[in-house]
Amino acid sequence: MTPTAQDVSAPGEAAPPSDRPANPPRAFSVFSAAELQTALKKMYLIRRFEEAAEDAYQRGLTYGTMHLSIGQEASAVGACLPLGPSDYITSTHRGHGHCIAKGADPARMFAEFSGKETGYCHGRGGSMHIADVENGNLGANGIVAGGIPIAVGAALAIKKRGLPNVALCFFGDGAANEGAFHEALNIASIWKLPVIFVCENNKYAMSTSIERALSVKNVADRAVAYSMPGVIVDGNSLTDMADAVMAAIERARAGLGPTLIESKTYRIRGHSRSDRNRYRTKEEIESWVARDPIDRFEVELIAHGLATAAECLAIREAAEAEIAAAVKFSNDSPLPDAADILRGVHTPAEAKP
Amino acid sequence: MTAPLSATTGALPIEPGASRELSFAEALREAMGQALEADDRVFLMGEDIAIYGGAFQVTLGLLERFGHDRVMDTPISELGSAGVAVGAALAGMRPILEFQFQDFATLAMEQIVNQAAKIRYMFGGKCSVPVVFRAPTGSGTGGAAQHSQSLEAWYAHVPGLKVVQPSNPHDAKGLLLAALDDPDPVMFFEHKLLYKMKGPVPEAPYRVPIGKAAVVRQGTQVTIVASAIMVSRSLEAAAILAEKGIDVEVIDLRTLRPLDTETIIASVKKTTRLMCVYEGAKTLGIGAEIAAMIAESEAFDYLDAPILRLGGAEVPIPYSPVLEKAAVPQVADIAAAAERLANKRV
């Protein structure tokens, strides 16, 4: 049976790893050691990508803003682990992690972040609009909740085309208070669409805490209003996320419709580069640094014999090298040609799909 | 009301083949039916479009022919439905979303303006959003302030959107089929007072190109640029003025974005006088854009009188019929203004 908000007792933040059941997570029997090690690598790629972005900002090398997802790597990678290239995701302004988790090339991402012609969007989109449509990533989104109905539409297309895929929609706790959330979840429910709503509840919509903004204790509590399971997951546990998404995929493929998964997590860095952390304490931030999702996954992998400490170190070093190469690729890439500004507004006549 | 085609000098191309008299609504319905038959990717969404047949009965009977999977009633969720249409378009479908009234599309501006219009560009030209948003526009039905607006200029201000506004049954069908062929988002606005207008419509599918205006009446003294219901009103005004010896040319814009500047410039160079007639509020409306475009063009030097804008009053559309009529240009207003313009000199 799929758990609901009512029968899941332990929100993630209250559950340190030692309290979890001794049974191995389902993900460990579904995915091979190699696949799980790739997941670890993606977490490191995200962490290093964000750190490289932050570094570029601190050295005055960036142009626009950025929203870093350090601390939320398990949520992104765990949710995307059960997805294939033909499954869709929609993402958010805090989307670098989702993009890497869905398999994007960090070099082209960093080039996009840096406004280079070689970026995913040829420098037209920037950090908040990185998309990798061929790989099922329908894009980050600068509008809070903007991607939620779009994911529902992708799921409608999947259903109409008779495909076995799903659409997975990332959004934050702030988006759960937008009208689009309500409309999209209602439509997905009445039409029983193969869509998975993943609310990454990192406790703050910019500076406004969930306690001040949310009428219910958990975003998942709202699932009952849409007749779908509302599952609360420790968002800092990759395997918990993957297990919850696998159950949601099975439900979607069985024609039973959507699931709302609430990933309880935390963003370690500020909302964006303007953030002075006036709304939270250093102690709170440090308590979440201690629950680092990458460390936790490494410990789990080693405990279950799926990776050695030496392999984990090699994975980390490989990720660091890949991001260093990505930054170099971006630095070496040309800026767009200003004369080319209008390219891409409309589809050229000869390219009609 | 009948389509003004018989009054033209053959400027509107009528395709060969069987042409019957259809209403504007029937022409739209036929276009959608043919598109649903021809392309599995096409489907319709909207509030009360299936069982009810649409608030203006435009989709009447399509449910019976194509079933609920392709003619989908949505909840009253304009924003959600618009996003669903955008997502479905990104994932390989060809949705047509009907807003029950253009006024209600304001609830979906986020998805139309921030998402549909920009996704292709923001994503570096890697994908297209082939969605058609249909909506009834305009006053004249007693709908009052929230069911009568003409906000097409808002959308025409947004790069990435195309904005279409047919004036007769022939163009309604041809432009809707062209909009469905278009790989990018198209706003398709239907004036409510035109739904019952009858006119010749070829049975076989055909396209009226987006971005191409039509000279629907040739004239030598004044150019009137109009769209939607203002085309037939301008033609009526032109007929009145013809009896007074004033020769008016009428251009049917058909598309507000992209604007067919070439046709307007050529006409103004010929007539030397320009008047823009539109139902939306006069300030910052489509007429302002056309006037500015002419002021910037080589046609400016040909003008023999200041450009005149005849737009809607600066007021929410009132309910009482006497006020409602006074809020938007009527035939007599157009005729009087065009007559003044014809007699004016710089």
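The values are calculated or read from the model by the stated rules, or taken from the named source; none is laboratory data. Only a predicted model underlies this, so the values are computations on that prediction, with no experimental measurement involved. Every residue, glycine as well, gets a Cβ built from its backbone with ideal geometry; the counts of neighbours run over all protein chains shown. Accessible surface areas use protein heavy atoms only, side chains included; no ligands, DNA or RNA. Shrake-Rupley method; radii C 1.70, N 1.55, O 1.52, S 1.80 Å.
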> Which condition does A:Glu317 not pass, out of (1) under 21 Å from the mean Cα position of the chain (by Cα); (2) assigned to a helix (DSSP H, G or I), if it passes all the others?
Replying inline: (1)
> Within the stretch A:339-353, restricting attention to residues that are within 14 Å of chain B (Cβ to nearest Cβ) and part of a helix (DSSP H, G or I), which residue is surrounded by the most Cβ atoms within 10 Å (Cβ to Cβ)?
Replying inline: A:Asp340
>> I'm trying to understand the selection: among the residues of the stretch B:326-343, which are open to solvent by 70 Å² or more (accessible area, probe 1.4 Å) and not in a helix (DSSP H, G or I)?
In response: B:Asn343
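What's the total number of residues in the stretch B:305-324 that are surrounded by fewer than 15 Cβ atoms within 10 Å (Cβ to Cβ) and not aliphatic (A, V, I, L, M)? Before you say what the answer is, go through the steps one by one.
Taking the stretch B:305-324 first, the residues surrounded by fewer than 15 Cβ atoms within 10 Å (Cβ to Cβ) are B:306, B:313-316, B:319-323.
Still in the running and not aliphatic (A, V, I, L, M): B:306, B:314, B:316, B:319-321.
Qualifying residue count, the stretch B:305-324: 6.
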> Among the residues of the stretch B:92-100, is any in a helix (DSSP H, G or I) and touching a helix residue (DSSP H, G or I) at 6+ places or on another chain (Cβ under 7 Å)?
Replying inline: no
>> Against the definition (of a type outside the set (S, T, N, Q), at pLDDT 95 or above, in a loop (DSSP other than H, G, I, E, B) and open to solvent by less than 10 Å² (accessible area, probe 1.4 Å)), how does B:Gly143 come out, yes or no?
In response: no
>> Looking for something surrounded by fewer than 20 Cβ atoms within 10 Å (Cβ to Cβ) and touching a Pro at 6+ places or on another chain (Cβ under 9 Å) - is there at least one such residue anywhere in the stretch B:236-257?
In response: yes
> Of B:Ala172, B:Ala178, which residue is free of Cβ contacts under 8 Å to residues at least 40 places away in the same chain and either crowded, with 24+ Cβ neighbours inside 10 Å or aliphatic (A, V, I, L, M) (or both)?
Replying inline: B:Ala178
> Quick one: B:Glu30 ticks every box in (1) touching a Lys or Arg at 6+ places or on another chain (Cβ under 7 Å); (2) under 25 Å from B:Val113 (Cβ atoms) bar one, so which box is it?
Replying inline: (2)
> Restricting the first residue to the stretch B:297-325 and requiring it to be in contact (Cβ under 8 Å) with a residue 24 or more places away in the chain and part of a strand (DSSP E or B), which pairs with a second residue that is open to solvent by less than 40 Å² (accessible area, probe 1.4 Å) and of a type in the set (D, E, K, R) meet a Cβ separation below 7 Å and a spacing of at least six or different chains?
Replying inline: B:Gly312/B:Glu279
>> I'd like to know if the stretch B:194-207 contains one or more residues that are surrounded by fewer than 24 Cβ atoms within 10 Å (Cβ to Cβ), farther than 26 Å from A:Ile148 by Cβ and within 14 Å of chain A (Cβ to nearest Cβ).
In response: yes
> Any idea how many residues of the stretch B:258-274 are surrounded by 23 or more Cβ atoms within 10 Å (Cβ to Cβ) and within 18 Å of B:Val163 (Cβ to Cβ)?
Replying inline: 1
>> I want to confirm something. Restricting to the stretch A:223-269 and keeping residues that are open to solvent by 10 Å² or more (accessible area, probe 1.4 Å) and of a type in the set (Lys, Arg), which single residue is nearest to A:Gly84 (Cα to Cα)?
In response: A:Arg253
> Scanning for something farther than 17 Å from B:Ala27 by Cβ, of a type outside the set (Phe, Trp, Tyr) and touching a Pro at 6+ places or on another chain (Cβ under 8 Å), does the stretch B:193-210 turn up at least one residue?
Replying inline: no
>> Can you go through A:Ser127, A:Ser75 and tell me which one is at pLDDT below 95 and more than 9 Å from every other protein chain (Cβ to nearest Cβ)?
In response: A:Ser127
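Would the stretch B:73-86 turn up any residue that is outside any loop (DSSP other than H, G, I, E, B), crowded, with 21+ Cβ neighbours inside 10 Å and more than 9 Å from chain A (Cβ to nearest Cβ)? Full working, then the answer.
Of all residues in the stretch B:73-86, those outside any loop (DSSP other than H, G, I, E, B) come to B:73, B:78-86.
Now narrow it down to the ones that are crowded, with 21+ Cβ neighbours inside 10 Å: B:78-86.
Filter once more, keeping what is more than 9 Å from chain A (Cβ to nearest Cβ): none.
Scanning the stretch B:73-86, I find no residue that is outside any loop (DSSP other than H, G, I, E, B), crowded, with 21+ Cβ neighbours inside 10 Å and more than 9 Å from chain A (Cβ to nearest Cβ), so the answer is no.
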>> The conditions are (1) closer than 18 Å to A:Gly115 by Cα; (2) outside any loop (DSSP other than H, G, I, E, B); (3) open to solvent by 30 Å² or more (accessible area, probe 1.4 Å), and A:Pro336 fails exactly one of them. Which is it?
In response: (2)
>> open to solvent by less than 30 Å² (accessible area, probe 1.4 Å), free of Cβ contacts under 8 Å to residues at least 60 places away in the same chain and away from every other protein chain (no Cβ under 11 Å): is that true of B:Phe99 in this structure?
In response: yes
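Considering every residue within the stretch A:286-296, establish whether at least one is more than 14 Å from chain B (Cβ to nearest Cβ), in contact with a Pro (Cβ under 9 Å, 6 or more places away or on another chain) and either surrounded by 12 or more Cβ atoms within 10 Å (Cβ to Cβ) or assigned to a helix (DSSP H, G or I) (or both). Break it down into steps so the answer makes sense when it comes.
Taking the stretch A:286-296 and keeping what is more than 14 Å from chain B (Cβ to nearest Cβ), we get A:286-296.
Narrowing further to those that are in contact with a Pro (Cβ under 9 Å, 6 or more places away or on another chain): A:291, A:296.
In the following step, the residues that additionally are either surrounded by 12 or more Cβ atoms within 10 Å (Cβ to Cβ) or assigned to a helix (DSSP H, G or I) (or both) were identified as A:291, A:296.
Within the stretch A:286-296, one or more residues are more than 14 Å from chain B (Cβ to nearest Cβ), in contact with a Pro (Cβ under 9 Å, 6 or more places away or on another chain) and either surrounded by 12 or more Cβ atoms within 10 Å (Cβ to Cβ) or assigned to a helix (DSSP H, G or I) (or both).
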> How many residues does the stretch B:1-34 contain that are farther than 22 Å from B:Ala179 by Cα, open to solvent by less than 40 Å² (accessible area, probe 1.4 Å) and at pLDDT 50 or above?
Replying inline: 0
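Matching residues to (1) more than 14 Å from chain A (Cβ to nearest Cβ); (2) closer than 25 Å to A:Ile341 by Cβ; (3) touching a strand residue (DSSP E or B) at 6+ places or on another chain (Cβ under 7 Å); (4) charged (D, E, K, R):
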residue: B:Asn114; (1), (2), (3), (4): no, yes, no, no
residue: B:Ala117; (1), (2), (3), (4): no, yes, no, no
residue: B:Arg120; (1), (2), (3), (4): no, yes, no, yes
residue: B:Phe123; (1), (2), (3), (4): no, yes, no, no
residue: B:Cys127; (1), (2), (3), (4): no, yes, no, no
residue: B:Phe133; (1), (2), (3), (4): no, no, yes, no
residue: B:Pro136; (1), (2), (3), (4): yes, no, yes, no
> Do any helices (runs of 4 or more DSSP H) entirely within the stretch A:38-117 hold 2 or more residues that are more than 30 Å from A:Pro258 (Cβ to Cβ), and if so, which?
Replying inline: A:106-113
>> So B:Ser150 passes all but one of these: (1) within 14 Å of chain A (Cβ to nearest Cβ); (2) outside any helix (DSSP H, G or I). Which condition number does it fail?
In response: (1)
>> Could you go through the stretch A:73-96 and let me know if any residue there is at positive phi and either surrounded by fewer than 24 Cβ atoms within 10 Å (Cβ to Cβ) or within 15 Å of the chain's Cα centre (by Cα) (or both).
In response: no
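Could you tell me whether A:Glu300 is touching a residue at least 12 places away in the same chain (Cβ under 8 Å), more than 30 Å from A:Asn23 (Cα to Cα) and among the acidic types (Asp, Glu)?
Details: touching a residue at least 12 places away in the same chain (Cβ under 8 Å): yes; more than 30 Å from A:Asn23 (Cα to Cα): no; among the acidic types (Asp, Glu): yes.
No: the conditions fail for A:Glu300.
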